[in-house]
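Below: the structure, in structure tokens.
The values are calculated or read from the model by the stated rules, or taken from the named source; none is laboratory data. Because the structure is a prediction, the values reported are computed rather than measured. No Cβ is skipped: glycine too gets one built from the backbone with ideal geometry, and neighbour counts run over all protein chains shown. Calculation scope for accessible area: heavy atoms of the full protein, side chains included, ligands and nucleic acids excluded. Shrake-Rupley method; radii C 1.70, N 1.55, O 1.52, S 1.80 Å.
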Amino acid sequence: MKQKLFFISFLLTLFFPTICKAQETFRNPIVSGFHPDPSICRVGDDFYLVTSSFEWYPGIPVFHSRDLMHWEQIGHVLDRPSQLAMKEGLRPSQGLWAPTIRHHEGIYYVVCTAQGAGGNFYVTAESPYGPWSEPVFLKDAPGIDPSLFFDDDGTCWYCGSINETPKEDRYPCEDRIYIQQLDVKEGRLIGPRAIVCTGHAVNAPYAEAPHVYKIDGKYMLMIAEGGTWGNHAVTVFKSDSIMGPYVAGIANPVLTHRHLGNDVDITTIGHADLVQTKDGRWWSVMLGVRPLQGYTMLGRETFITPVEFQHGWPVFNPGIGRVLAEEHVTGLASCPFDVLPDKDEFDEPELRLCWNFLRTPFSRWHEIKDGRLILDLRKESVADLANPSLIARRIEHFDFRASTIMEFAPKREGEESGLIMMQNEKNNYRLVLRRTDGKNNIALIKTDKGTTTVVAEMPWKGRKACLMVEARGLEYQFAVGQDESEKILLGAVQDASLLSSNHAGGFIGPYIGMYATSNGQDSRNHVSFLSFTYSGDSF
């Protein structure tokens, strides 16, 4: 019997070697699509990660992992309008910048900048799943990119970047990193403030994203500099005292892809944070971009790479010195999560965590009922700096298919509803059922740098429509049908780069979702979305 089992095992190894081969690598990014400025902490065997969300609501997505390779979104930090007042007029790429997550004595802390929406603040929770507290805004905390560090004696230190431009600057964008004690019970900064860094070089612009760590009895300050695009970099400094002086590492920048040029597979690496596993190994998360023919099509994403401390200084991905698209496994037991179906049939009482609103919804204009997502038609449109009737999710793949089935009967001129793909109010595509000149039609509408054009349109009868788009790299093809089995192409192939950060500007990535508006008129009409399907090809 033993000989028979050995022979079977030998045959399996010979003819099916992949069956016997354990996973050796995993893919970067670990969180794809628009998820920049990652921050990470470990509590026991669990890792928690947060990223920036800018003008999209709910604010600051929270992710969980047990192996650093597989991540699942578990909630948002700011999911109540009382926590996040992103009001009408908030410009694109304002909102929530650069959160930091930390854990101390049973309490989770997230500190963040609400640009254009209140300034620097922190919130707390007993669980990363929430609920999170109302924000504590810090009145005397200038600048951006706050971070917290809890010293051995429990003292909390606040670290931030003053990104103003005083007259005495020696060169443009000479930002300043400062440290000051924070009384977390009173919610205020106390004691002296020390400017500890302006970057490692004599002309290092945009010193930001600071984090402080205590490693082997020394304080280490890690920052980003060079700006968040092609010249992005990570630099480190050390001190015997939390308030400095800090000495720059001789190997700075310790991590950057700036020297690799524009044609490398991952660019703009920077804005990093460190975490140590239970067995003492170090890893770093950071933002990066996977350019497609030079275009930033998915926004800035979250990547991870191993770190070793040699002679007291961090070495990122030793022997390689850069972030890889395919990385060796972390050594932690693999713990993947269940993946939700591609089709969302709105059969749960609440929206999936992937869905976002544009700015804060201070009134209730959507409802999930009987397997339908119902949106009210309201005056606000995507062209306004407002909170329109729009529910969207991040685009996470270069190649994908998306479709939505809706029931809608436009009653008045200007009423429209359908599928939207957008970077901001001046750069978007809309595939909508609308009423013009007393008739209903399906129209593909393009807005490019604020100029709106009807690309194609066709008459439409009936209330039901299936609206579709297929993306292949830098091309979008739109289609329409009565249901998912019918596919009538509408318009020629469209330029997807219209939704890239290169073209549209700003710091976010593209979204796709469902949209309805009465375009400035009063309306009692509504639209029912029966499903939304997003299917991305693996990278």
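The table below lists the values:
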read-out: Some residue of region 365-381 being touching a Gly at 6+ places or on another chain (Cβ under 9 Å), among the hydrophobic types (A, V, I, L, M, F, W, C) and either open to solvent by less than 20 Å² (accessible area, probe 1.4 Å) or closer than 16 Å to ARG524 by Cα (or both); value: no
read-out: Condition broken by ASP448, with the remaining ones in (1) over 30 Å from ARG300 (Cβ atoms); (2) open to solvent by less than 60 Å² (accessible area, probe 1.4 Å); (3) acidic (Asp, Glu) satisfied; value: (1)
read-out: Among residues of region 307-321, those that are open to solvent by 50 Å² or more (accessible area, probe 1.4 Å) and in contact (Cβ under 8 Å) with a residue 12 or more places away in the chain, counted; value: 3
read-out: Single residue of region 284-306 satisfying the filter (crowded, with 23+ Cβ neighbours inside 10 Å and among the hydrophobic types (A, V, I, L, M, F, W, C)) that is farthest from GLU326 (Cα to Cα); value: MET297
read-out: Subset of region 64-83 (residues that are more than 14 Å from the chain's Cα centre (by Cα) and closer than 16 Å to PRO99 by Cα); value: HIS64, LEU78, ASP79, GLN83
read-out: Count of residues meeting criterion [farther than 21 Å from THR533 by Cβ and either part of a loop (DSSP other than H, G, I, E, B) or of a type in the set (Gly, Ala, Ser) (or both)] in region 458-492; value: 3
read-out: Any hit, region 529-536, residues being under 28 Å from GLY288 (Cα atoms), in contact with a helix residue (DSSP H, G or I) (Cβ under 9 Å, 6 or more places away or on another chain) and in a strand (DSSP E or B); value: no
read-out: Candidates GLU208, GLU174 - the one that is more than 30 Å from GLY280 (Cα to Cα) and in contact (Cβ under 8 Å) with a residue 24 or more places away in the chain; value: GLU174
read-out: Within region 388-442, considering residues that are of a type in the set (Val, Ile, Thr) and more than 16 Å from GLY513 (Cα to Cα), the one surrounded by the fewest Cβ atoms within 10 Å (Cβ to Cβ); value: THR436
read-out: Candidates GLY520, GLY509, filtered to the one that is touching a Ser or Thr at 6+ places or on another chain (Cβ under 8 Å), closer than 19 Å to GLU425 by Cβ, touching a residue at least 60 places away in the same chain (Cβ under 8 Å) and open to solvent by 10 Å² or more (accessible area, probe 1.4 Å); value: GLY520
read-out: Only listed residue being among the hydroxyl-bearing types (Ser, Thr, Tyr) and over 20 Å from LYS464 (Cα atoms), chosen from SER403, SER381; value: SER381
read-out: Given (1) farther than 19 Å from GLY160 by Cα; (2) out of contact with any Cys (no Cβ under 8 Å at 6 or more places or on another chain); (3) touching a residue at least 12 places away in the same chain (Cβ under 8 Å), index of the condition PHE137 fails; value: (1)
read-out: LEU433 in contact with a strand residue (DSSP E or B) (Cβ under 6 Å, 6 or more places away or on another chain) and closer than 22 Å to VAL493 by Cα; value: yes
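Every residue, every condition in (1) over 32 Å from the mean Cα position of the chain (by Cα); (2) in contact (Cβ under 8 Å) with a residue 60 or more places away in the chain, yes or no:
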{"position": "ARG430", "(1), (2)": "no, yes"}
{"position": "LYS449", "(1), (2)": "no, no"}
{"position": "ALA456", "(1), (2)": "yes, no"}
{"position": "TYR476", "(1), (2)": "no, no"}
